[in-house]
Amino acid sequence: MCGIFGYVGRRVDAGSLAIDGLKSLEYRGYDSWGVACKTGNTLTIQKETGKISAVDPADFGTACSIAIGHTRWATHGGVTKENAHPHLNETSTIAVVHNGIVENYEELKEDLKRKGHTFRSDTDSEILPHLIEEELKTRDANTEKSESVSGDFTAAVRRACLRLSGRYAFLALHTESQTLVAAREGSPLIIGVDTDGYFIASDIPAFLAHTRTVQYLDDGEMIATDGKTILFLDIRTGHEVRKREIEISWSVKQTQKGEYRHFMLKEIMDQKDSIARAINQDEEEIRTIAQAIKHAQGTFLVGCGTAGKACVAAEYFFSVLAGHHVNYAPASEFKLFHHFLKPESLLIVVTQSGETADVLEAMKIAKAKGSKVLSIVNVQGSTVARESDYTLLINAGPERAVASTKALTGQMAVLLLIAYALADKLQEGKLLLLETSEMINDMLNPRYVEHLEALADTIKRHENLYIIGKSWNYPMALESAIKIQEVSYIHAEGFAGGELKHGPIALIEKGTPCIVLTGKDEVTADILSNARELSARGAFIIGVSPERKEVFDEWIKVPDAGAAQAIVNIIPIQILAYFLAVKRGKDPDMPRNLAKSVTVK
Ligand code: M6R
């Protein structure tokens with residue numbers, strides 16, 4: 001959720017680096033921001049409510065070679081300057097930025113208050129600098145004694161971590177030490193290794209302009225770095241941990257908007273080639289995975305939000321194409337199904353970020369039962385990718401807009417490929433997806449986009465909108481609803497077409513826009529019949545279909561993609577959602593109340 005950034009090294013513009021880094025993390029939280037720069041033994045703190053995008057890095061010109069910063073997505077405490085990070089200890093010598101939730105903060109806060117600490121914010125995070133301060137005081141009573149303030153500071157942070165429960169990633173600075181200390185339990189932190197120093201951030205784009213060499217911090221680990229060397233420690237034992245350096249394939253260009261006004265539109269357009277990249281998988285590996293699914297005693301799929309809709313689509317792919325039954329549960333509900341997991345079961349985890357807390361929790365449950373985990377992930381090196389038994393990267397490139405678009409179609413393409421492999425028709429599936437990718441490339445031309453912009457203009461004032469689909473278009477109806485809701489704030493709902501007459505049809509009034517997702521297959525007649533039921537009640541029918549039908553008041557033409565129809569059909573809806581947001585004066589890249597990576601449960 002929140003984005004955190006730190007730098008320590010030879011450069012003396014650490015403050016500006018922090019502002020720039022935080023700007024590229026803004027998709028993780030954008031209600032307030034803050035930076036702490038250390039010059040000599042002085043900490044300069046600046047924090048504000050509002051978006052960091054409006055801040056000029058040049059205003060952070062004070063020479064400083066160590067800084068930490070934060071962009072916030074509020075969990076505990078409202079959006080106020082006091083609640084913005086960094087937070088300080090009693091004597092303002094320790095600054096901390098934190099992502100996650102300290103679950104036992106109330107109990108710790110009471111204890112700290114009894115010891116004379118006072119608190120200025122309503123956040124759970126503020127206890128961290130106070131706790132570290134308290135641990136620094138008690139160093140003599142502990143076995144860890146150090147020759148230096150930095151050593152003492154690192155040891156105090158470690159002891160503070162041992163008192164925390166919950167999920168966290170935090171960075172800490174001390175006025176008396178040139179060491180930046182960071183710790184991780186459940187929330188992401190990645191180290192960028194540069195010749196001049198070290199970057200530490202919640203996500204790679206924050207330092208991609210400076211280095212593509214990374215080191216991953218795992219749960220239960222911490223680091224201490226003075227910019228010249230870095231020490232990785234196991235928080236529980238205090239022992240050193242060895243880490244590899246990994247080269248990242250993402251480029252800076254991929255993380256920028258380029259000619260587009262918003263990341264959302266850019267990422268929708270990236271689908272001209274991202275699907276071809278997604279299916280460029282090692283065929284032997286896909287066949288091995290298909291065999292693992294075939295022989296598993298129970299295959300379960302989990303994901304959240306949009307990734308969850310890719311899982312529902314996969315239930316149809318596996319059933320229709322391969323006659324194979326798999327079970328989906330939203331990752332947040334998965335623990336209720338743990339009785340069905342065995343060591344021979346397989347959990348398929350679908351996630352763009354690879355850091356979603358509910359998904360990580362589901363993985364933990366499966367692993368505790370000895371089940372194997374296959375992940376379909378976008379972010380290389382993310383926690384899910386690193387902790388799975390098998391990982392397939394969808395290679396969509398960085399997805400910055402909160403609304404997930406190209407990651408979804410990449411996930412569905414990989415799942416469809418696996419379904420074909422399960423049916424022993426891998427080549428057929430690959431060919432279909434390659435053709436689909438080409439058809440999408442053709443479809444995404446300026447005239448097509450203009451048509452959807454005009455349609456958005458026609459329906460932008462409606463406050464209710466419904467979407468129906470059948471078979472694999474049913475999860476796309478659900479996904480259409482998420483896309484429209486999250487960026488335009490129109491109340492949109494998706495249904496299986498056949499369900500309308502069991503209740504939802506009561507919502508239809510004269511002129512209510514209803515989108516009908518269809519292909520050219522054995523369920524087309526049924527969904528068109530559902531469309532006529534809506535039309536008869538006065539609905540304005542928008543058909544997304546390879547063919548024009550008389551029931552459509554408006555037709556959005558899509559190519560006929562057979563079993564890949566769901567992948568094709570969702571794309572015009574992504575564009576429509578984008579324009580609905582823009583035309584209603586909303587920022588589609590930063591929808592209210594949302595963050596890109598949901599790293600809290
Ligand atoms: O990173 P993940 O794919 O695990 O994220 C899952 C959801 O939080 C995400 O898809 C969310 O629903 C999007 N904002 C939808 O556009």
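The values are calculated or read from the model by the stated rules, or taken from the named source; none is laboratory data. All values reported here derive from a predicted model rather than from experimental measurement. Every residue, glycine among them, receives a Cβ derived from its backbone with ideal geometry; neighbour counts consider all protein chains shown.
Please specify each residue of region 335-372 satisfying the condition of being assigned to a loop (DSSP other than H, G, I, E, B), more than 15 Å from the ligand (Cβ to nearest atom) and among the charged types (D, E, K, R).
Lys342, Glu344, Lys369
Of all residues in region 230-260, those being assigned to a loop (DSSP other than H, G, I, E, B) and surrounded by 13 or more Cβ atoms within 10 Å (Cβ to Cβ) number 10. One residue is enough: does region 398-410 have a residue meeting the conditions closer than 21 Å to Phe263 by Cα and either touching a strand residue (DSSP E or B) at 6+ places or on another chain (Cβ under 6 Å) or assigned by TED's automatic domain parsing to the domain that holds Asn593 (or both)? No, every residue in region 398-410 fails to be closer than 21 Å to Phe263 by Cα and either touching a strand residue (DSSP E or B) at 6+ places or on another chain (Cβ under 6 Å) or assigned by TED's automatic domain parsing to the domain that holds Asn593 (or both).
From the list Gly538, Gly497, the lone residue that is small (Gly, Ala, Ser), in contact with an Asp or Glu (Cβ under 8 Å, 6 or more places away or on another chain) and surrounded by 15 or more Cβ atoms within 10 Å (Cβ to Cβ) is Gly497. Within region 478-508, being aliphatic (A, V, I, L, M) and within 16 Å of the ligand (Cβ to nearest atom) holds for Leu478, Ala481, Ile482, Ile484, Val487, Ile490, Ala492.
Go through the residues of region 204-213 one by one and say whether even a single one is in the same structural domain as Asn104 (by TED's automatic domain parsing) and free of Cβ contacts under 8 Å to residues at least 12 places away in the same chain. No. Within region 293-313, being touching a strand residue (DSSP E or B) at 6+ places or on another chain (Cβ under 6 Å), under 20 Å from Ala563 (Cβ atoms) and either acidic (Asp, Glu) or more than 9 Å from the ligand (Cβ to nearest atom) (or both) holds for Ile293, Thr299, Leu301, Cys311, Val312.
All of (1) touching a residue at least 24 places away in the same chain (Cβ under 8 Å); (2) assigned to a helix (DSSP H, G or I) hold for Ala525 with one exception: (1). Of Thr512, Thr599, Thr518, all but one fail to be of a type in the set (S, T, N, Q), within 30 Å of Met363 (Cα to Cα) and in contact with a strand residue (DSSP E or B) (Cβ under 8 Å, 6 or more places away or on another chain); the exception is Thr599.
For region 378-401, give me the residue count where each residue is in a helix (DSSP H, G or I) and either small (Gly, Ala, Ser) or within 13 Å of the ligand (Cβ to nearest atom) (or both).
Total satisfying the criteria: 3.
Of the residues making up region 576-599, those that are of a type in the set (Val, Ile, Thr) and within 14 Å of the ligand (Cβ to nearest atom) are Val598, Thr599.
All of (1) touching a helix residue (DSSP H, G or I) at 6+ places or on another chain (Cβ under 9 Å); (2) surrounded by fewer than 24 Cβ atoms within 10 Å (Cβ to Cβ) hold for Ala385 with one exception: (1). Collect the residues in region 529-562 that are more than 34 Å from the chain's Cα centre (by Cα) and closer than 16 Å to Met476 by Cβ, keeping them in residue-number order. Listed by number, the residues that qualify are Asn530, Ala531. Residues that are assigned to a strand (DSSP E or B) and not hydrophobic (A, V, I, L, M, F, W, C) within region 198-229 comprise Tyr198, Thr213, Gln215, Tyr216, Glu221, Thr225, listed in sequence order. Looking only at region 17-70, residues that are under 15 Å from Asn83 (Cβ atoms) and β-branched (Val, Ile, Thr) come to 2 in all. Residues in region 89-138 that are over 27 Å from Gln178 (Cβ atoms) and among the hydrophobic types (A, V, I, L, M, F, W, C): Ile101, Leu108, Phe119. From the list Glu48, Glu90, Glu135, Glu82, exactly one residue is modelled with pLDDT of 90 or more and assigned to a helix (DSSP H, G or I). Which is it? One residue alone meets the criteria, Glu135. Take Ser375 and decide whether it is in contact (Cβ under 8 Å) with a residue 60 or more places away in the chain and within 13 Å of the ligand (Cβ to nearest atom). Spelling it out, it is not the case that Ser375 is in contact (Cβ under 8 Å) with a residue 60 or more places away in the chain and within 13 Å of the ligand (Cβ to nearest atom).
You will find that of Ile527, Ile556, Ile570, the residue that is in contact with a helix residue (DSSP H, G or I) (Cβ under 6 Å, 6 or more places away or on another chain), within 16 Å of the ligand (Cβ to nearest atom), over 30 Å from His76 (Cα atoms) and not assigned by TED's automatic domain parsing to the domain that holds Ala407 is Ile570 and no other.
Of all the criteria given as (1) in a loop (DSSP other than H, G, I, E, B); (2) touching a His at 6+ places or on another chain (Cβ under 6 Å), the one not satisfied by Phe318 is (1). The residue that is farthest from Gly305 (Cα to Cα), among those in region 431-478 that are modelled with pLDDT of 95 or more and among the basic types (Lys, Arg), is Arg461.
To keep it simple, each residue is scored yes or no on (1) free of Cβ contacts under 8 Å to residues at least 60 places away in the same chain; (2) more than 19 Å from Thr49 (Cα to Cα); (3) not assigned by TED's automatic domain parsing to the domain that holds Ser597.
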position: Cys64; (1), (2), (3): yes, yes, yes
position: Gly69; (1), (2), (3): no, no, yes
position: Ala74; (1), (2), (3): yes, no, yes
position: Lys81; (1), (2), (3): yes, no, yes
position: Leu88; (1), (2), (3): yes, no, yes
position: Val102; (1), (2), (3): no, yes, yes
position: Lys109; (1), (2), (3): yes, yes, yes
position: Thr118; (1), (2), (3): yes, yes, yes
